[in-house]
Amino acid sequence: GDGAGGASAQGGVGGGGRGGYIHVSDGRNPPDFGRVAWPEDIFGSLELDANGDFVDGHGRYQESGTYRIVTNEGILGLSPYLRGKLIEKLSELDEQARKNG
């Protein structure tokens, strides 16, 4: 064994310089520090190399396929900034729909 247990494949701190993934999740049900969010809360993942940099410069984002907008924990949890951007975009779409009417 390498002494790091499961952490050796995760990348980042305790990752043994192997790279790994960062999971992008919403804020509805934040996991405990150092833990991974529930699959239904994860939008997708970004891949890191052994140096902690995004693979191919952008991280090769991969959708999770398990994300759910509504769960037993509530509705989509966004930061105030992202919530504002969502409302802004929805307002634009509403205005376009009313014009095309």
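Just one of (1) within 26 Å of Asn29 (Cα to Cα); (2) in a helix (DSSP H, G or I); (3) modelled with pLDDT of 90 or more fails for Arg83. It is (3).
Picking from Glu95, Glu73, which residue would you name as being surrounded by 10 or more Cβ atoms within 10 Å (Cβ to Cβ) and without any contact (Cβ under 8 Å) to a residue 40 or more places away in the chain?
Details: Glu73 fails: without any contact (Cβ under 8 Å) to a residue 40 or more places away in the chain.
So the residue among Glu95, Glu73 that is surrounded by 10 or more Cβ atoms within 10 Å (Cβ to Cβ) and without any contact (Cβ under 8 Å) to a residue 40 or more places away in the chain is Glu95.
Candidates in segment 26-51 are the residues that are at pLDDT 90 or above and among the small types (Gly, Ala, Ser); of these, the one that is nearest to Arg83 (Cα to Cα) is Gly44. Among the residues of segment 25-63, those identified as buried (at least 17 other Cβ atoms within 10 Å of the Cβ) and either in a loop (DSSP other than H, G, I, E, B) or under 12 Å from the mean Cα position of the chain (by Cα) (or both) are Ser25, Asp26, Arg28, Ala37, Glu40, Asp41, Ile42, Gly44, Ser45, Glu47, Gly59. Sort out which residues of segment 76-87 are without any contact (Cβ under 8 Å) to a residue 40 or more places away in the chain, exposed (fewer than 11 other Cβ atoms within 10 Å of the Cβ) and within 18 Å of Asp41 (Cα to Cα), and write them in order of number. Scanning segment 76-87 gives a single hit, Pro80. Filtered by the rule that a residue be closer than 10 Å to Gly20 by Cα and of a type in the set (Val, Ile, Thr), segment 34-75 gives a lone residue, Val55.
The values are calculated or read from the model by the stated rules, or taken from the named source; none is laboratory data. Source: prediction; values computed, not measured. Cβ atoms come from the backbone with ideal geometry, glycine included; neighbour counts cover every protein chain shown.
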